[in-house]
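The values are calculated or read from the model by the stated rules, or taken from the named source; none is laboratory data. Bear in mind the structure is a predicted one, so any value in this text is a computation, not a measurement. Cβ sites come from the backbone with ideal geometry, for glycine too, and all protein chains shown count toward neighbours.
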Amino acid sequence: MPPKKNGVDKSLQSSGGRKALVKWVGGRDDGLLSVIDQSWIKNFDESEWQEKSPAARETEIAEWRVGKVPESGHYRSFDCRVIDCSGKLTCLLIRFSFHLFYQNYSAMMLHTGFNTVHEVSSSNIFF
């Protein structure tokens, strides 16, 4: 079983090409975020992806290419939902941080019982 896929692989910092921020769907890594190289996503066409509305975007199949190449020569594949694409790793890391903040903030509001619509305003949130 591969390691948990939450985060950014160090090899991406030096590699060229476009990257994608993905959210894993299903399995033990359900809901975790990763920044991966777009070449890891099978049959992915960024221009076609951008034309679709976020609600109409389907899940994609991505290979988890971390570690040694398995003896079979094929990495394991997993379902993911592409959240954003960029040629700049920094842009995706900012988006990654925003998603983590939002998830933690939402969980805190649910845990404390606040009604986020009425009791929390944008003036109470600092970035």
So in segment 16-45, with the set limited to residues that are over 19 Å from Ile94 (Cα atoms) and modelled with pLDDT of 90 or more, which one is surrounded by the fewest Cβ atoms within 10 Å (Cβ to Cβ)?
Asn43
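Going residue by residue through segment 2-15, is there one that turns out to be modelled with pLDDT of 85 or more and under 16 Å from the mean Cα position of the chain (by Cα)?
no
Here are Glu60, Glu48: which of them is modelled with pLDDT of 90 or more and surrounded by 14 or more Cβ atoms within 10 Å (Cβ to Cβ)? Explain how you work it out, then say what you get.
Numbers: Glu48 fails: surrounded by 14 or more Cβ atoms within 10 Å (Cβ to Cβ).
Result: Glu60 is the single residue among Glu60, Glu48 that is modelled with pLDDT of 90 or more and surrounded by 14 or more Cβ atoms within 10 Å (Cβ to Cβ).
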Within segment 61-91, the count of residues that are outside any loop (DSSP other than H, G, I, E, B) and over 15 Å from Leu32 (Cβ atoms) comes to 9
